[in-house]
Amino acid sequence: MEEETLRKYVEAGRIAAEALEFGKGLVRPGAKLLDVAEKIEAKIVMMGGMPAFPVNISFNETAAHYTPSPGDETVFNDQVVKLDVGVHVDGCVGGDTALTVDLSGKYSDLVKASEDALNAALKVVQVGTTLGQIGREIEDAIMSHGFKPVRNLSGHGIGEWDLHTGYSIPNYDNKDDTPLEDGMTIAVEPFASTGVGLIHDKGVPYIHSIIGRKPVRNIVTRQVMKKLDAYNGLPFATRWLTKDFPLFKVNFALKELNQLDILKSYPPLVERASGAFISQAEHSVYVGDKVIVMTRI
Ligand code: MN
Ligand code: MN
């Protein structure tokens, strides 16, 4: 990787780390999710980055992919909160990082399980380590706490204007013998669950991305499409669009784009076992002669 490109990844990582730390301080009972998400996203821009995806704030049995809806009135009280922040600099997605805040005071061990798993995984990350080995470290650490890793969620490669490059970093030993190669940038993100360790799509999606190009006739949809060009394929939030368009126009356009297969929407990812709790921890890493955990402060 060219030095200038690596510098952008590292800068994105640093901004994401600081934004996450800042956001962690905002997660407290009585605060609104919408305010917290918007403050974090504003902070990212202030620091010279751009959100690589909408801030995810997911509660309890939801592992990921909730972001506040337009006008969301939800407040924090006693939830297990996953805060997930993404940053790019000139398209280089060097910052995808997450942590869990346990406002209930009852799940500190669950929080520790995903943190320990992340640390164990990062200890073995270097050129030549297989993806399966990383998964085994994560699985062992989470199981040793008496919880289950979420098997159908995984870490991933991160790239330029690309949040999920072709390969997955498993959260269990899936025997994948693909080795890490010099110059790779990856996000490692263990999820620990009190449930069965499997998630499914559930609920209304407020996160979307453009996945194709096609001529669009409707004028409203075309106006919305034009706005979406700026994200260049990276995920965006419904609420980002309602700054420029009334909600009914946004919903109309999103529906049409979905029907045309131009848009993919991402519903919340929820544990299959009802009443379960999930924790998450995540860092973005550059793998080279030197391994750089870009989102570690
Ligand atoms: Mn993430
Ligand atoms: Mn990620």
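The values are calculated or read from the model by the stated rules, or taken from the named source; none is laboratory data. Worth saying up front: this structure is predicted, and the values here are computed from it rather than measured. Methodologically, a virtual Cβ is constructed for each residue, glycine included, from the backbone with ideal geometry; neighbour enumeration extends over all protein chains shown.
Being in contact with a Lys or Arg (Cβ under 7 Å, 6 or more places away or on another chain), over 17 Å from ALA98 (Cα atoms) and of a type in the set (S, T, N, Q) is a property that SER58 lacks. Note on region 153-177: among residues that are touching a strand residue (DSSP E or B) at 6+ places or on another chain (Cβ under 6 Å) and over 30 Å from ALA230 (Cβ atoms), the one that is surrounded by the fewest Cβ atoms within 10 Å (Cβ to Cβ) is ASP177. Here are some residues: TYR167, TYR206. Which one is modelled with pLDDT under 95 and touching a His at 6+ places or on another chain (Cβ under 9 Å)? Just one listed residue meets the conditions, TYR167.
In this structure, is ALA230 surrounded by 15 or more Cβ atoms within 10 Å (Cβ to Cβ), farther than 24 Å from ARG272 by Cα and among the small types (Gly, Ala, Ser)?
No, not satisfied.
Go through (1) in a helix (DSSP H, G or I); (2) within 16 Å of ligand 1 (Cβ to nearest atom); (3) within 23 Å of PHE22 (Cβ to Cβ); (4) not β-branched (Val, Ile, Thr) and name the single condition ASN119 misses. Condition not satisfied by ASN119: (2). Does at least one position in region 278-297 carry a residue that is within 16 Å of ligand 1 (Cβ to nearest atom) and either basic (Lys, Arg) or assigned to a helix (DSSP H, G or I) (or both)? The answer is yes; a qualifying residue exists. Name every residue in region 46-60 that is surrounded by fewer than 23 Cβ atoms within 10 Å (Cβ to Cβ) and more than 11 Å from ALA12 (Cα to Cα), in order of residue number. Across region 46-60, the qualifying residues are MET46, PHE59, ASN60. Could we say that ILE57 is within 16 Å of ligand 1 (Cβ to nearest atom) and farther than 30 Å from LYS148 by Cα here? No.
Within region 87-101, residues that are farther than 10 Å from ALA52 by Cβ sit with their Cβ atoms under 7 Å from residues that are among the basic types (Lys, Arg) and away from ligand 1 (no atom under 12 Å from the Cβ), at 6+ positions apart or across chains, in these pairs: ASP90/LYS8; LEU99/LYS24; VAL101/LYS24. Taking the conditions (1) under 30 Å from LYS106 (Cβ atoms); (2) part of a loop (DSSP other than H, G, I, E, B) in turn, LYS175 satisfies each one other than (1). Determine which single condition VAL124 fails, assuming it passes every other condition in (1) within 15 Å of ligand 1 (Cβ to nearest atom); (2) β-branched (Val, Ile, Thr); (3) in contact with an Asp or Glu (Cβ under 9 Å, 6 or more places away or on another chain); (4) within 23 Å of TYR9 (Cα to Cα). Result: VAL124 fails condition (1) only. I'd like the full set of residues that are outside any strand (DSSP E or B) and over 16 Å from SER209 (Cα atoms), limited to region 257-277. Of everything in region 257-277, those that are outside any strand (DSSP E or B) and over 16 Å from SER209 (Cα atoms) turn out to be ARG272, ALA273, SER274, GLY275, ALA276, PHE277. Does at least one position in region 249-268 carry a residue that is surrounded by 23 or more Cβ atoms within 10 Å (Cβ to Cβ) and within 16 Å of ligand 1 (Cβ to nearest atom)? Within region 249-268, one or more residues are surrounded by 23 or more Cβ atoms within 10 Å (Cβ to Cβ) and within 16 Å of ligand 1 (Cβ to nearest atom). The residue that is nearest to ligand 1 (Cβ to nearest atom), among those in region 148-165 that are aliphatic (A, V, I, L, M) and either more than 26 Å from LYS112 (Cβ to Cβ) or in a loop (DSSP other than H, G, I, E, B) (or both), is LEU163.
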